[in-house]
1. On full extension of the chain, what length is gained from TRP261 through ALA81, given 0.36 nm per residue of separation minus the C-alpha to C-alpha distance?
2. Could you please state, rounded to a whole Å, how far the C-alpha centre of segment 185-255 is from the C-alpha centre of segment 75-102?
3. Can you give the local net charge around SER57? Use residues other than it whose beta-carbon is closer than 11 angstrom to its beta-carbon, Lys and Arg +1, Asp and Glu -1.
4. Using the eigenvalues of the Cα gyration tensor, what equivalent ellipsoid semi-axes result for segment 57-260 when each is taken as the square root of five times the eigenvalue, whole Å, largest first?
Amino acid sequence: MILRALPLLAALALGCTPPSAPPIARAAPSPEPSAVPAAPVAPPPVAVSPTFAPMPSLGPVSGRPPSSVVVMLHGYGANGADLRDVAQTLARDLPDTVFLLPDAPEPMPGAPGGRQWFALAGSDDSLRREGVRRAVSGLVPAIDRELSARALPRSRLAFVGFSQGAMLALDLGLHMTPPPAGVVSLSGRLVDDTAPSPSPAPALIVHGTSDARIPVSEAHHALSRLARLHVRTESLILPGVGHTIAPQAMASAGSFLHGLWP
């Protein structure tokens, strides 16, 4: 899954002198009326930061009002619909949960329909941190609106992210205040572990040993750093699995999420 003036020409008024002619008698001009103040010019509209539209959703499959919300965060070059099948699988363990499937805000260059949470070309650690922080700053208010519309608190919220989306999920679990109930990172990495929340969310980290896009060493690094921050973590390292969401990963994620709201 992979993880998608004209310049304005000034018009010049050219004055022309008419040919000489006998003067023509003209009536004296009427006194000019008092000057009327010009109407004030409205200020230009203030640019509004882009926001997320209401998010596509799935469930609850029980048909009852939702008691929890899971936000699915897709990978680089994909879109929210790409995780619908994963959400349908997870819904078996969470029948009263609504799954939100947002698209990342930026189109991915050269990939019609593909989206990105932030650009990856030439990314180093500092650029990734900047990209994650920018993406999260727009995503959190949108998530809070979705929760408010369903009269649910953040304690009934969880995130599942794959690849680039997993970078956001781990960041949200570590830095949101108040925190979500938990996060699942599938083939991701921990981008920023500074200034964590006083009570960060528990995390499940799943990674394949044959991942050629984000090496499994990133999972071990995340587990080590989160342990030092006293974050409750679970992990599943899958031998021979590449950069994908394997069936074992979905089963583990379903069990982890179900345990958040017994």
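1. The span from TRP261 to ALA81 would gain 62.3 nm if fully extended.
2. Between the Cα centres of segment 185-255 and segment 75-102 lies a distance of 18 Å.
3. Working: positive: ARG84, ARG150; negative: GLU146.
Residues near SER57 contribute +1 overall.
4. Square roots of five times the eigenvalues give 23, 19, 18 Å.
None of the figures in this text is laboratory data; all of them are computed from the coordinates on show. This is a predicted model, so every value here is computed, not measured. Cβ: placed from backbone, ideal geometry, glycine included. Neighbour counts: every protein chain shown.
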